[in-house]
Amino acid sequence: MVETISTAQKLDILELLCQIMYLISITLSIIFVCSLYLVTYLPAQGQNATNPVPVIADPNLKVELVARHFDFPTAIDFLGNDDLLIVEKNTGNVYEVINGNVTGPLLHIDVSVKDERGLLGVASLGNTISSSQGNLPVFLYHTQCIKDKAADTQNCENQISRYELDRKNNTLTNPKVIVSLPGLPGPSHNGGKLLMDKEGNLLVTVGDLQSTKFNQNMTGYDTKAQNILNGTSPDGRGGILQITQDGKSVGSGILGDDSTLNLYYAYGIKNSFGIGIDPLTDNVWDTENGPQFGDEINLVKPGFNSGWEKVQGIWKLNQTREKESVYDESKNEVEFVNFDGKGKYSAPEFVWDKPVAPTAIVFLNSDKLGERYANDIFVGSAKKGTLFHFELSPDRESLDLSGDLTDLLYSKKEDSSSIVFGENFGVITDLKVGPDGYLYVVSASRGTDEGAIYRIVPVS
């Protein structure tokens with residue numbers, strides 16, 4: 001006997017189905033809202049689902065986002081408290097960030113952007129000049145290339161230009177190129193970091209402008225500043241320059257009084273993305289990138305010779321600039337250019353065997369992160385976004401290292417936890433201590449993230 005379903009039962013089933021459909025729709029709505037939150041809200045906080053967020057090893061410190069949405073920022077410089085300039089490598093734009101709010105651009109420069117060319121550095125006198133003294137001088141380092149269509153050639157220069165910050169109209173005005181430096185063969189190893197010393201002079205890093213791969217090098221660009229004994233006179237490449245705000249030499253020159261040579265503070269440098277001044281001793285320090293090995297941190301005394309192209313890291317180089325053997329300075333087996341004894345080779349204070357691409361270097365002249373970090377060295381890197389921390393020896397002319405690192409060399413199998421301060425910052429291009437005493441980190445990119453400025457502060 002077949003049972004029939006009554007009309008009342010059919011209505012009950014229909015009502016149950018409606019309730020189930022209603023619950024399903026509510027569930028889908030909740031899933032949609034949560035998905036929308038994850039996609040839109042978290043990126044607004046400066047995070048990215050595919051990239052780990054920046055972290056600090058010290059649990060008493062944290063990372064704050066200051067500003068973002070930049071296109072490969074390369075450098076910042078403070079004008080005052082919560083007020084800074086930031087430059088973008090590829091757009092040639094200069095912006096001002098006040099209390100986290102981005103204004104501008106204050107200036108746009110048509111720059112060459114291939115590889116490491118672009119708008120690379122910025123420096124100013126900061127808030128040392130009051131508004132009553134007139135417009136604030138601002139210095140920029142940028143690459144300019146002009147193509148000669150008839151000859152099918154390109155002429156490139158790295159220029160240091162002086163501008164004035166017009167506060168009333170919020171623009172950079174009155175441009176003047178104070179130094180023209182070589183830009184060929186390029187497009188790699190342009191350096192580009194600017195730093196103002198306490199006398200108001202500019203320190204400038206300039207690389208050798210050659211390809212890392214020896215067989216891709218172009219002839220005709222070998223100078224004595226690269227320790228080429230029969231090379232041409234130094235033309236500004238391969239060193240750290242010290243110039244006045246008018247682009248002149250400071251005094252008669254450290255290495256000699258010949259034109260351009262008199263601008264050199266140091267030489268024998270393959271490429272540098274970082275320069276800092278010890279606030280207690282006024283000693284200059286730099287970072288240097290090696291050719292797939294031998295990244296360095298150096299104490300840079302006047303006349304310092306970093307050794308390139310004869311020595312890199314702890315290794316003597318062969319004719320194709322590859323490792324030949326561990327360099328023993330006591331054997332005098334390498335003949336350096338010394339500019340009549342005015343230049344002197346000095347070994348690095350720390351070496352990475354495998355490249356980390358060290359970039360910015362800064363001294364934390366503040367106790368805002370705790371006394372343990374006051375006046376210590378911090379170094380950024382372009383690989384894995386690692387932020388390193390180093391303590392100094394009592395005389396502050398070497399690093400105070402322990403464990404596996406006492407030999408001043410880090411290889412991949414050794415424990416580096418004692419010097420790792422932070423991670424996941426992406427490509428770190430600049431580090432600065434703000435007027436507030438906190439450490440600021442510029443990240444050009446964190447994979448799919450845009451460029452950003454971060455600040456490291458105490459948790460409470």
Region 251-269, residues that are surrounded by fewer than 19 Cβ atoms within 10 Å (Cβ to Cβ) and either touching a residue at least 40 places away in the same chain (Cβ under 8 Å) or at positive phi (or both):
G251, G256
Could you go through region 305-317 and let me know if any residue there is modelled with pLDDT of 95 or more, outside any strand (DSSP E or B), among the β-branched types (V, I, T) and farther than 23 Å from M218 by Cα.
yes
Looking at (1) surrounded by 21 or more Cβ atoms within 10 Å (Cβ to Cβ); (2) of a type in the set (S, T, Y); (3) touching a Leu at 6+ places or on another chain (Cβ under 7 Å), find the lone condition where Y373 falls short.
(1)
Only one residue in P59, P105 is out of contact with any helix residue (DSSP H, G or I) (no Cβ under 6 Å at 6 or more places or on another chain) and surrounded by 15 or more Cβ atoms within 10 Å (Cβ to Cβ). Which one?
P105
List pairs: first in region 56-77 and on the phi > 0 side of the Ramachandran plot, second part of a strand (DSSP E or B), Cβ under 9 Å, 6+ apart or cross-chain?
H69/V102; H69/G451; H69/A452; F72/E88; F72/T429; F72/G451
Only one of A360, A382 is touching a strand residue (DSSP E or B) at 6+ places or on another chain (Cβ under 6 Å), surrounded by fewer than 22 Cβ atoms within 10 Å (Cβ to Cβ) and either over 30 Å from Y327 (Cβ atoms) or among the small types (G, A, S) (or both); which?
A382
Identify, from the list G294, G290, the residue that is over 23 Å from L195 (Cβ atoms), out of contact with any Ser or Thr (no Cβ under 8 Å at 6 or more places or on another chain) and at pLDDT 95 or above.
G294
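Filter region 225-250 down to the residues that are of a type in the set (A, V, I, L, M, F, W, C) and surrounded by fewer than 17 Cβ atoms within 10 Å (Cβ to Cβ) and list them by number.
Correct list: I228, L229.
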Sort out which residues of region 189-206 are under 17 Å from the mean Cα position of the chain (by Cα) and either among the basic types (K, R) or in a loop (DSSP other than H, G, I, E, B) (or both), and write them in order of number.
H189, N190, G191, G192, K193
Those residues that are of a type in the set (D, E, K, R) and surrounded by fewer than 17 Cβ atoms within 10 Å (Cβ to Cβ), I need them from region 424-448; list them, please.
D436
When P234 is evaluated against the numbered criteria (1) in a loop (DSSP other than H, G, I, E, B); (2) free of Cβ contacts under 8 Å to residues at least 40 places away in the same chain; (3) over 19 Å from N298 (Cβ atoms), which criterion, by number, is the only one it fails?
(3)
Which residue out of D258, D208, D222 is at pLDDT below 95 and of a type in the set (D, E)?
D222
Condition set part of a loop (DSSP other than H, G, I, E, B) and under 16 Å from the mean Cα position of the chain (by Cα), scope region 385-400, selection surrounded by the most Cβ atoms within 10 Å (Cβ to Cβ): answer is G385
Filtering region 81-99 down to residues that are in a strand (DSSP E or B) and not aromatic (F, W, Y) yields D83, L84, L85, I86, V87, E88, N93, V94, E96, V97, I98
Is it the case that region 241-262 has a residue that's out of contact with any Cys (no Cβ under 7 Å at 6 or more places or on another chain), assigned to a strand (DSSP E or B) and of a type outside the set (S, T, N, Q)?
yes
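Residue-by-condition table, conditions (1) under 18 Å from the mean Cα position of the chain (by Cα); (2) of a type in the set (S, T, N, Q); (3) at pLDDT below 95; (4) assigned to a strand (DSSP E or B):
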residue: R321; (1), (2), (3), (4): no, no, yes, no
residue: S325; (1), (2), (3), (4): no, yes, no, yes
residue: V337; (1), (2), (3), (4): no, no, no, no
residue: I361; (1), (2), (3), (4): yes, no, no, yes
Filtered residues of region 414-460 (kept if more than 17 Å from A67 (Cα to Cα), among the β-branched types (V, I, T) and in a loop (DSSP other than H, G, I, E, B))
I419, V459
Checked region 318-357 for anything at positive phi, buried (at least 18 other Cβ atoms within 10 Å of the Cβ) and not aliphatic (A, V, I, L, M); matches are R321, F339
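The values are calculated or read from the model by the stated rules, or taken from the named source; none is laboratory data. Note that this is a predicted model, so its numbers are computed, not measured. Methodologically, a virtual Cβ is constructed for each residue, glycine included, from the backbone with ideal geometry; neighbour enumeration extends over all protein chains shown.
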